[in-house]
Amino acid sequence: MIAAALSSLWSYWRRNPLQLATMIGGLALATALWSGVQALNTEARASYDAAAAVVGEGRYDQLVPRAGETLDEATYLALRRAGWQVSPVLVGSLDLGEVALHLTGVDPLTLPAGAGAAGQVAAVPLAQFLAGEVMLAHPADLAQFGTAQSIDLIASPAITQGMALADIGAAQRLLGQAGAISRLVVAPDQPLGRPPLAEVAPELLLQPAQGGSDTAQLTDSFHLNLTAFGILSFAVGIFIVYGAVGLAFEQRRAMIRALRTMGLSMRFVVVLLGAEIAVISLVSGAIGVVLGYLLAASLLPDVAATLRGLYGAQVAGTLQLHPSWWLSSLGIALLGGILAAASAIWRMSRLPLRAGRDPQVWAMQSARGQRLQLVLGLALLVLSGGFVVAGGSLLAGFARVAALLLGAALLLPPLLEVALHVAQRRARSVTAEWFWADTRQQLPRLGLALMALLLAITANIGVSTMVSSFRLTFIGFLDQRLIAEVYVSAETDAQSAAIEALADDGITVLPLLSVETRIGPQKVDLYGARVAPVYEQYWQFLAQDGDVWSRVAAGEAAIINEQFARRAGLWPGDSIPISPTVTLPIAGVVGDYGNPLGQVIIGEELFITLFPETRARQFGLIGGGADALMARLEAEAGFDPAQMIDQTALKAASLEVFERTFTVTSALNVLTLAVAGAAILMSLLTLASMRVPQLASVWALGVTRHRLGQLELARAVALAVLTLLFALPLGLALAYLLLAVINVEAFGWKLPMYLFPADYARLAVASIGAAALAALVPALRLARTPPARFLQVFANET
Amino acid sequence: MKPSAIFLAFLLVVPTVAAPQGFAGMATAVEGFNDPRPAPAFSFPADHGAHPDYRIEWWYLTANLQDAAGTDYGLHWTLFRSALAPGDTGGWDSPQVWFAHAAVTTEDAHLTAERFARGGIGQAGVEIDPFAAWIDEWTLSGETLDALSLTASGDAFAYDITLNANGPLIFHGGGGYSVKSPEGQASYYYSQPSYEVTGTLTLPGGDVVVTGTAWLDREWSSNPLSADQQGWDWFSLSFDTGEKLMAAQLRSVDGSRFRSGTWIMPDGTTESLGDDALTLTPIASTQVAGRDLPVEWRIEIPSKSVDVSSRPLNAQAWMDASIPYWEGPVFVTGSHSGRGYLEMTGYEE
């Protein structure tokens, strides 16, 4: 009996392979997008953790320099000689041509025994390690090395790919940082009588163990971004599955009635249907995992490039399979399948046994559902507005976006219903009236696919508006910031002096003095600026107090960038501590879209007083034309052309970094639109066979098959146009949220919003084209339906 | 004789091989190091400093102390130098590795600390004029070796003492050339056994002002063990008569013992004791850190009419360092009475 029931349930799918393909395809795509994004996130996070775990970041307190990226070896010795049980760590990027390894140098003799590296070093002859003769790297990375390296490589599977471990002496040598230490790991046990840190090394800051790595904090927003895209894609995929499952159940009503008359309880039928969904979900999930892996593997290099470009975070360029990842992907597929089928199964168990399979019935049944949808949609929109009040965090920002999108999607069918109703009223011919009425009747079924399309178009409009607005702002920012004609890097003090000497010939020399420092808990870049008229000419302030530049030049005030101002809540009129002895009022806040880090700009003289050891190695030069300046430096001071770059080239390079940053975003955007197109195609295909009875009547009244096909195509286009009209304001609302809420939380800057009508027109053509393309196959099929099939409808009814 | 130090040093050189092989690996000669030669001519203060062309070396101080109430304490401080290769290049690449142990022993506690350091960067080292031996903030320093101050601290104890020598340096074996095995392994070995000590111990219960006596050992070598030797039992004793004794035996796996000693007269004149001049016999053992250790001994030197038995101040004086051993203050009674230090190694497994 069970076997018979199973076999008859299965026979439905055998007769409707397209519906089965829809189900599996939809769920697999949804799983792929979700799991692909998860894989990207997992991989990037694993990379940070691996880098941090080398020295047990997070497990031990650390001493980090208050200013600058490294501390001096002498400070380390002073601390040890004072009793501080600390161990030096130097990290850096070891450039190997094509790739770079994240090299960590440690001193195994003083490293706390619990630090990750301690275990890895133990596997190597200590004498060789201490002598700086060996470096440990993942076996897969060893191939990247040429034979000309000055160090022997030892394969260690315990080292994460992209990482390398060596003695601190070797690391100093390989990274060209003699005498430098990045940070000190503080051992858990400290001796009695240890003097306070401020007495021995006031230039260092104690970072408590639980502080987490800077990298993870910085990149959180990016990963949340990716996750949001993954959820969006998954939701779109679930819409597809929901449609397919509902249809399959609807069409099997007769079969289920038969099974029940044969004595199967409804409960048992529900269990069987549930099991069926579970099997289909797992198969789809498995396919989705494979697709997701491929997706992630192809996007990872871009993600890695983005993270490096934006945050300087190192991510290995290759993907590793974590069991937790594919298990959770299968789980999410199963959950998605059950979610999508739950309402269909519930409805089936409630519908009267003898209800017909007429779609009109279904449509009337769902009228109540639509009212619910309307209420829910409106509630979500209100909620989206409500988060403004709750606002504040990045998560709240994303919640607003999610509520807006979901609410709008739920409102789409009722709104379309209204629009179609109006169109029907105004129709002048019978055919036209039938066309609109028939479209309305199909709406409940197509609604889900259209919601998917709406979300996809909205995301496209919103994200592309954000990226393009960002791009325009960024270009404006580059014009404002890159004011020198030529930028030069000096390698020696002599070269620096040669550049400074140019000032005697009337050339404006702008040295770039900077140190990394901390103001309160925040890591910021502190710049010393030689105030020149060009600054006053080009720089625009978001907020200012008095004559900014002359106050900065006098060492009486500081300029901060927008992200620092927003994060710290400091604006002109407030003061910030620059060093233990100097506190300056803020004179101006300037827009800065180059990186998410905070920046503080003070006058050159004050900077030199505070950081006498910092030498300017980069200079901007104005006067006499870029080519002439570069030729002169090459001829007179022996500069290599590689040390100089003119303004145009630098802008191009900066823009390239920018474009790369958004490669991933646009790739996911295109994929979401593709999923929506697939949703429409699948919905139309599954509807096609159901609609033969209605179309038969129309055909019998004299409308040709060819004309029916045309109308079918027109319907898809009409629905796409209506959806598009709805999506446009929604997309702009999304763009506003991204620019004014998400960006502020994620990066600390608020961007002006620009509109791009040409882009929207292109997108409209693409979306309508996608809908038309999706409708083409069912339309052609309809146009070629043998008349016998239409006749058969009437034969069955007699 | 400090075999634990040798063991430690060896482990640093070949960590993966040494553990399974134990002491057997110590006879392996390492290319390029100097070996001690008989009839040495020491030059001071230069020889108080480091000898980077020898594989291992130490500055080893033990003290028997009492507070005003007569409570006994033991104090121990050792700075080890272990060369991964001969010579010293300076910087992180230097093959000179340093480590150190400090301990305070009371009747019911044994507090220890351990340090490691790279030699080439100045985190540890020895300077000769004025004398200073240091690792991190631990220092043994003074104008000369005769007047020193010593500080060290762990997470539960600290000490700060001054030492004044009231006798000459003592040279073991043949003028400081100390033979360790029938096969002829040897080290350079001299001591300053006659320090008067005053200072302060910082203990969990508070600061304690102490006085007493201390014994400093200086020893360096490159290859001091024979292939079958597994451990050492070593005594440094000061008798109430003013006489002093260094007595040690090296235990071979076949059960045989190689003994040596130095008898020190109150005026500092010495007599070297050969293999058959003394015996060391365990008379009682105790469970220490999960193993049975002979913490009480009988020491016999017929030529000196010495027949004494020793008992520890604290039988649980286990140095739970990266390579563990037993090191603690002892008292002797019998034909002579006195106090000193006992070290037992090779009982790790």
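The values are calculated or read from the model by the stated rules, or taken from the named source; none is laboratory data. Nothing here was measured: the structure is a model prediction, and the numbers come from that model. Please note: Cβ atoms are built from the backbone with ideal geometry, for glycine as well, and neighbour counts cover all protein chains shown. Accessible surface is based on the protein model in full, side chains and every heavy atom, while ligands, DNA and RNA are left aside. Shrake-Rupley method; radii C 1.70, N 1.55, O 1.52, S 1.80 Å.
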Accessible surface of the stretch A:58-211, 1.4 Å probe, proportion on carbon and sulfur as whole %: 52
The alpha-carbon pair-distance distribution computed for the stretch A:486-623, with 10 angstrom bins and whole-percent values, is 12, 43, 34, 11, 0
Find the sum over both chains of the accessible area lost when A and B are paired, probe 1.4 Å, and report it in Å² to the nearest 100. 2100
Modelled label reach - residue B:240, point 7 Å along Cα→Cβ, the stretch B:42-72 residues with backbone N closer than 20 Å: B:64-72
Residue B:207 accessible area, 1.4 Å probe, all protein chains in place, Å² to nearest 10: 110
Protection proxy ranking, peptides B:159-165, B:279-285, A:718-724, average beta carbon neighbours within 10 Å, highest first: A:718-724, B:159-165, B:279-285
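Work through the residues other than residue B:137 whose Cβ is under 10 Å from its Cβ and net out their charges, Lys, Arg +1 and Asp, Glu -1.
+3
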As a test of the formula, what do you get for chain B when each DSSP H run with n ≥ 4 contributes -39,500 (n - 2.57) and the sum is divided by the residue count, at 222 nm and rounded to the nearest 500 deg cm²/dmol? -1500 deg cm²/dmol
Candidate residues A:439, A:508: accessible-area rank, largest first, probe 1.4 Å: A:508, A:439
With labels modelled as points extended 7 Å from the Cα through the Cβ direction, what inter-label distance (nm, one decimal) is found for residue B:164 paired with residue A:143? 7.4
Quick check: with the 1.4 Å probe, what order do B:297, A:10 take by accessible area, largest first? A:10, B:297
Choice from B:37, B:115, B:259 showing the highest fluctuation, given a GNM over chain B with Cα pairs closer than 10 Å: B:37
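Would you kindly state how much longer the chain becomes between residue A:343 and residue A:426 on full extension, computed as 0.36 nm times their sequence separation minus their alpha carbon distance, in nm to one decimal?
Extending this stretch completely gives an extra 26.3 nm.
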Order the following by accessible area, largest value first: A:34, B:98. Probe radius 1.4 Å; ligands, DNA and RNA are ignored. A:34, B:98
If each part is reduced to its alpha-carbon centroid, the stretch A:482-508 and the stretch B:109-149 end up apart, in Å, by 50
Taking 1 over the mean of 1/r across every pair of different Cα atoms in the stretch A:58-211, what Kirkwood radius in Å do you get? 16.1
What does the charge count around residue A:777 come to, taking other residues whose C-beta lies under 13 Å from its C-beta (Lys +1, Arg +1, Asp -1, Glu -1)? +1
Taking every alpha carbon pair in the stretch A:735-795 and sorting the distances into 5 angstrom bins from 0 up to the bin holding the longest one, the percent per bin comes out as 4, 14, 10, 10, 10, 10, 8, 7, 6, 6, 5, 5, 4, 1
Got a number for carbon plus sulfur as a percent of the stretch A:486-623's accessible area, 1.4 Å probe? 50
Losing no less than 20 Å² of accessible area (probe 1.4 Å) relative to the isolated chain, the residues of the stretch A:123-142 are A:126, A:127, A:130, A:131
Could you work out the local net charge near residue B:226, counting Lys and Arg as +1, Asp and Glu as -1, over the other residues with Cβ closer than 11 Å to its Cβ? -1
Counting only DSSP loop positions in the stretch A:466-501, the GluC sites (Glu not before Pro) whose Cβ has at most 13 other Cβ atoms within 10 Å are A:491
Whole number in Å², please: accessible area per residue of the stretch A:58-211, 1.4 Å probe, ligands, DNA and RNA not counted. 39
The rounded separation in angstrom of the Cα centers of the stretch A:64-101 and the stretch A:709-768 is 49
Compute the distance in nm between two label points, each set 7 Å from the Cα along the Cα-to-Cβ direction, one at residue A:649 and one at residue A:158. 4.6
Which value, in Å² rounded to 10, gives the accessible area of residue B:239 with a 1.4 Å probe and all protein chains present? 10
Rounded to the angstrom and largest first, Cα extents along the principal axes for the stretch A:692-748 equal 65, 16, 12
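Roughly how crowded by other chains is peptide B:132-140, in terms of the mean Cβ count from those chains within 10 Å of each of its Cβ atoms?
Numbers: counts 0, 0, 1, 2, 10, 11, 3, 1, 0.
That works out to 3 on average.
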Could you let me know the centre-to-centre spacing of the stretch B:220-261 and the stretch A:431-452, using Cα atoms, in angstrom? 101
Which lysines, if any, have their Cα less than 29 Å from the Cα of residue B:244, not counting same-chain residues under 8 positions apart? B:2, B:180, B:304
